[in-house]
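Trainee: Got a structure here, written out as structure tokens. Questions coming.
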Amino acid sequence: MTATIKDIATKAGVSTSTVSRALNNDPHILQETKTRIMKIAHELDYKTNFNAKTLATGGSRSVGIIFPSNERYQTNPFYLEIISGIGSELNHRGFVSTVALADSTEQIMEIVATMAHQAHITKYIFLYFEKEDPVRDYLDQNKLDYVIIGNDPEVSRVFIDNDNQFFGKLAGQKLITMSPANHILFLETRRRLKFEEERLSGLQSSLTSTQQVKPLAIDLKEPRQALLTIQNNLTGIDGIVASQDEIGEFAYQAFLHEEHPLSIVTFNNLLHGFPDRKNIYSFDLKPRRIGQVAAQKIFDVKNFMHHRLFLIK
């Protein structure tokens, strides 16, 4: 049976009010008493009732934003735009954001536990999705609300995502208007992420029976090798679609010195550093809008245990 505040109070010989105030670090409780109560709580394996605490304290005016433990995501401008959108919506509601950012899942777990237990944060936004995620499991166990940027139809949670098939279809149509293309190279990461599969599917749906797509995976961690891989697979290719801007940059570099470069279509609209973009087009996936909708849904959705998907076009 789960230990209660009353159990701690009985063993400590104090009132339940004193235990509650000690666990909430009330400055009017002697440190010696706090230490003794915390020790007993640990011995009894006491778990904070987050819902009860929220009712008692009014909860936190903060929403937790959880990054994946991968430095490539942490520096991706796309995610910074999402956070900007989240921030604007939270500010409108009188809330702020608190970010969980670390180099390992274990560290992120510790940060989120501190957010929940000490800062009393009860609402969270995941900037990623993984099938097996101990951070998500922790929030589920403690009945805390969250939405996920991503999508998986097999998981009963609330998702916010781009309509990636829709954008993939637009990419195919755009490429044809830039230049005739019958043999298209689709560049993706070696991880073959879900959004890449969806964009590839959308691209293929936009083509005729005489047009073909050749998927090619490249390693973003090895820039020189990535560029060489692209250059070695251009025979017979007359158009390129990259699954994201970071990969589109490599394709762009492959034609820097070409008089007639191939047309390139990519996604995210974050290619601000190119001096000449005549042969490359990037779709705006509206990351700020994704962030705004995520922040809206964390307040507006009533049941987070059902699968719901909100697509951004």
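The values are calculated or read from the model by the stated rules, or taken from the named source; none is laboratory data. The shown structure was predicted, so the numbers you read here are calculated from the model rather than taken from an experiment. Here Cβ is always computed from backbone atoms with ideal geometry, including for glycine, and neighbour counts include all displayed protein chains.
Trainee: Would you say Asp152 is in a loop (DSSP other than H, G, I, E, B) and touching a helix residue (DSSP H, G or I) at 6+ places or on another chain (Cβ under 8 Å)? Even if it seems obvious, please write down each step before you answer.
Mentor: Details: in a loop (DSSP other than H, G, I, E, B): yes; touching a helix residue (DSSP H, G or I) at 6+ places or on another chain (Cβ under 8 Å): yes.
In short, yes.
Okay, residues lined up against (1) under 24 Å from Tyr79 (Cβ atoms); (2) touching a residue at least 60 places away in the same chain (Cβ under 8 Å); (3) surrounded by 14 or more Cβ atoms within 10 Å (Cβ to Cβ):
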site	(1), (2), (3)
Asn162	yes, yes, yes
Phe166	yes, yes, yes
Lys169	no, no, yes
Met178	no, yes, yes
Phe186	yes, no, yes
Ser205	no, no, no
Pro215	no, no, yes
Glu246	yes, yes, yes
Ala254	no, no, yes
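Trainee: How many residues, within region 155-184, are touching a helix residue (DSSP H, G or I) at 6+ places or on another chain (Cβ under 8 Å), over 24 Å from Gly291 (Cα atoms) and part of a strand (DSSP E or B)?
Mentor: Counting residues in region 155-184 that are touching a helix residue (DSSP H, G or I) at 6+ places or on another chain (Cβ under 8 Å), over 24 Å from Gly291 (Cα atoms) and part of a strand (DSSP E or B) gives 1.
Trainee: List every residue pair whose Cβ atoms lie under 9 Å apart, where the two residues are 6 or more positions apart in sequence or sit on different chains, the first residue falls within region 190-203 and is part of a loop (DSSP other than H, G, I, E, B), and the second residue, located anywhere, is at pLDDT 90 or above and aliphatic (A, V, I, L, M).
Mentor: The qualifying pairs are Arg190/Ala217; Arg190/Ile218; Arg191/Ala217; Arg192/Ala217.
Trainee: Could you list all residues from region 98-142 that are closer than 25 Å to His307 by Cα, in a loop (DSSP other than H, G, I, E, B) and in contact with a helix residue (DSSP H, G or I) (Cβ under 6 Å, 6 or more places away or on another chain)?
Mentor: The answer is Ile121, Thr122, Leu127, Asn142.
Trainee: Follow-up. Please determine whether any residue of region 131-145 is under 15 Å from the mean Cα position of the chain (by Cα), closer than 30 Å to Val265 by Cα, surrounded by 13 or more Cβ atoms within 10 Å (Cβ to Cβ) and at pLDDT 90 or above.
Mentor: No, region 131-145 contains no residue that is under 15 Å from the mean Cα position of the chain (by Cα), closer than 30 Å to Val265 by Cα, surrounded by 13 or more Cβ atoms within 10 Å (Cβ to Cβ) and at pLDDT 90 or above.
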